[in-house]
Structures are given as structure tokens and as C-alpha cells.
1. So Thr273 fits all but one of (1) open to solvent by less than 40 Å² (accessible area, probe 1.4 Å); (2) farther than 18 Å from Val68 by Cβ; (3) of a type in the set (Val, Ile, Thr); what number is the exception?
2. Suppose the filter is at pLDDT 85 or above, out of contact with any Pro (no Cβ under 7 Å at 6 or more places or on another chain) and of a type in the set (Val, Ile, Thr); does Thr260 pass it?
3. Taking the stretch 123-182 only, how many residues are among the charged types (D, E, K, R), under 20 Å from Gly254 (Cα atoms) and either open to solvent by less than 60 Å² (accessible area, probe 1.4 Å) or part of a helix (DSSP H, G or I) (or both)?
4. Which members of the stretch 191-220 meet the condition of being buried (at least 16 other Cβ atoms within 10 Å of the Cβ) and not in a helix (DSSP H, G or I)?
5. Looking at the stretch 94-115, which of the residues that are of a type outside the set (A, V, I, L, M) and free of Cβ contacts under 8 Å to residues at least 12 places away in the same chain is farthest from Trp215 (Cα to Cα)?
6. Can you name every one of the helices (runs of 4 or more DSSP H) wholly within the stretch 237-309 that holds 2 or more residues which are free of Cβ contacts under 8 Å to residues at least 12 places away in the same chain?
7. Looking at the stretch 1-30, which of the residues that are open to solvent by less than 70 Å² (accessible area, probe 1.4 Å) and in a helix (DSSP H, G or I) is modelled with the highest pLDDT?
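The values are calculated or read from the model by the stated rules, or taken from the named source; none is laboratory data. Since the structure is predicted, the reported quantities are computational estimates derived from the model, not experimental observations. Cβ coordinates were reconstructed from backbone atoms using ideal geometry, including for glycine residues, and neighbour counts include every protein chain displayed. We work out accessible area using only protein heavy atoms, side chains counted, and drop any ligands, DNA or RNA first. Shrake-Rupley method; radii C 1.70, N 1.55, O 1.52, S 1.80 Å.
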Amino acid sequence: MTSDAAALSRASRHATPPDRRKLADNVTGWSFAGPATLIILGFSLVPMAWALALSFTDSDLMSPGRNVGLENYRALVADPVFHQALRNTGLLLFLYLPASLVAGLAVAVLLNRKVRGIGFYRTCFLVPYVASATAAGLLMGYIFDRDFGLFNGLLVKLGLPAQGLLSSPSQAMLVLTVIFFWTRFGFSVVIYLAALQEISKEVVEAASIDGAGRWATFRHVIVPSVRHMTVFLAVWGMIDVLQFFDLVMTTTKGGPANATVTIVYYVWQLAFTYFTAGYGAAVAYVLFAGTLVLIVAGLLVARRKGAMR
């Protein structure tokens with residue numbers, strides 16, 4: 001037997017069996033994924049199961065409560081505050097989502113240029129998104145304050161009447177939508193900007209050579225190239241709106257007269273202000289079901305229109 005053959009024989013005797021190698025790979029993989037899996041189970045799935053069970057009781061979080069079946073879900077039909085929360089959340093979704101997509105793409109196109117100080121401009125649009133929601137809410141609460149706010153002060157200097165803004169039932173939700181747009185808008189800009197930088201310059205140049213103007217290039221080259229990101233941002237924005245809580249908490253607290261109460265804020269009120277946790281869990285699960293339906297419907301429409309790869 002040659003030396004090479006002998007070495008090969010020794011290596012084959014000491015080789016790890018396939019089953020042992022597979023087990024070692026699994027152990028290595030779970031050593032990395034295990035902690036994250038435990039966190040997901042502990043902080044997501046287990047509370048979800050507990051909340052589902054809670055929604056069939058009249059628990060106040062201090063005691064288990066008694067089983068009431070579907071009574072909490074039936075009560076939602078006649079709950080005026082829940083209906084108001086649905087309308088407010090729907091209005092926010094209707095106003096914010098199209099505006100964030102259209103304006104986000106437009107600003108991203110403007111920022112996708114090599115000009116002096118472009119990094120500073122990009123940062124300016126991202127800062128509101130990464131800033132603390134509490135700080136943003138307090139700042140905007142001061143700016144749009146009816147009596148001492150900067151916005152009303154500017155109106156008075158221009159000779160215009162002061163407005164109720166966050167203190168007006170007819171204006172508060174619109175003002176809150178503007179604040180929400182300002183704090184979330186930068187995310188759409190950054191995502192679209194990343195997608196624009198992936199578009200081949202040769203494609204854009206070819207469109208220009210073929211006689212396409214800026215608008216034609218934007219419509220027939222840029223928009224189709226970023227449509228997959230549009231789907232992502234639409235789904236992300238939908239979830240973001242349906243979970244809207246922090247700015248309501250730091251500005252209006254659902255007022256005036258429930259004019260700005262959202263579904264998530266109403267869940268928080270039910271659980272931690274009125275101590276009707278069972279009923280609050282039922283509202284939360286209606287929100288979960290509605291979110292799931294909207295996302296699936298949106299993805300199906302996007303797939304049918306060819307917006308998903």
C-alpha cells in the first residue's frame with residue numbers, strides 16, 4: 001500500500017459519521033438561534049395565547065375573572081368608543097399611507113444625486129424617525145398648543161385667527177396625522193433611496209437616449225423598479241398605523257372627547273385605566289384579525305398586479 005493510500009485509510013477511519021456531523025451542525029445552529037427563539041416564545045407567542053384566553057373572561061388583571069364566552073366580542077358591536085377608534089385609525093391610514101409612499105419616493109429621487117452636502121440632507125429626513133417618540137410628542141405638543149404654541153403664534157403674527165389644533169375635536173386628528181407623518185416619513189425616504197441606488201445607470205441612460213424625458217423615465221423606469229419596495233412600505237406603513245400609540249399618549253391622550261383615540265390606545269385604556277383587561281384583550285384580537293386580513297389582501301392585490309417578485 002502506498003503512503004497516500006495509507007493516509008486515506010487512516011482519514012476514513014477517523015472521519016465523522018454523517019449522523020454525528022448533522023447533530024453537530026444542529027447543536028451549533030440552535031446555540032445561535034436558541035436564545036432568540038426563547039425570547040420570541042416568551043415575549044410574543046405565550047402572551048398572545050394568554051391574551052386570547054383572557055379575551056373570553058371579565059378579568060381585571062388583578063384576578064383571573066370568570067369565563068364570559070363571546071360576550072366581550074358581542075359588546076364591541078355597541079361600543080361607541082371602539083367605533084370612534086376604528087374611524088380615527090382608518091382616517092390616519094387613509095391619509096398617511098398614500099402620502100408617505102408618494103412623498104417618500106419623490107424626496108428619495110431628489111436625494112439620489114451627487115451634490116455637496118447631500119449626506120446632511122439625507123440625515124435631516126431620517127432624524128425624526130430615529131428620534132424618541134416621547135421627545136417628538138412633547139415637542140409637537142408644544143408647537144401645536146392652542147394657547148402658547150409656535151404655530152398659533154405664527155398665525156397671529158400673520159393676522160390670521162388662532163386655531164384649536166390639538167384641543168379641537170375637529171382638528172386634533174388631522175394635526176396628529178401631520179405629526180405622525182413627520183415622525184415616520186423618513187423611513188420611506190431611506191428605503192426608496194436604497195432601492196433607487198440599485199437601479200442600473202445603464203437602464204436610465206438607455207431611456208434617455210431613446211428620447212424619454214424625466215417624467216417618462218420616472219414613470220416607466222423608476223416606478224416599476226421600486227415597486228417591490230412600495231409593497232414592503234405599504235405593508236410596513238399599514239402595521240405602523242394600526243399600532244399607533246406613542247404620539248397619542250404624549251400629546252392628546254385620546255382627547256378631546258375621544259377625537260384622537262386609536263385602537264391600540266383604547267386597548268391600553270381598557271386594560272390599565274378602566275381595568276377591564278378581558279374586554280381590552282378582545283379589542284386587541286379584533287385588531288390582530290383586521291391587521292392580518294388587510295395585509296393578506298394587500299399582498300394578494302400586489303401579487304395580482306405583478307408588484308411582487
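1. (1)
2. Spelling it out, Thr260 is indeed at pLDDT 85 or above, out of contact with any Pro (no Cβ under 7 Å at 6 or more places or on another chain) and of a type in the set (Val, Ile, Thr).
3. Within the stretch 123-182, residues that are among the charged types (D, E, K, R), under 20 Å from Gly254 (Cα atoms) and either open to solvent by less than 60 Å² (accessible area, probe 1.4 Å) or part of a helix (DSSP H, G or I) (or both) number 1.
4. Ala212
5. Looking only at the stretch 94-115, we keep the residues that are of a type outside the set (A, V, I, L, M), and these are 94, 96, 98, 100, 104, 112-114.
This time we only want the ones that are free of Cβ contacts under 8 Å to residues at least 12 places away in the same chain, so: 94, 98, 113-114.
Numbers: Phe94: 26, Pro98: 20, Arg113: 17, Lys114: 20 Å.
Step by step, filter the stretch 94-115, then rank; the result is Phe94.
6. On the way: elements: 246-251, 263-272, 277-304.
Counting at least 2 such residues, we get 277-304.
7. Per the criteria, the residue is Gly29.
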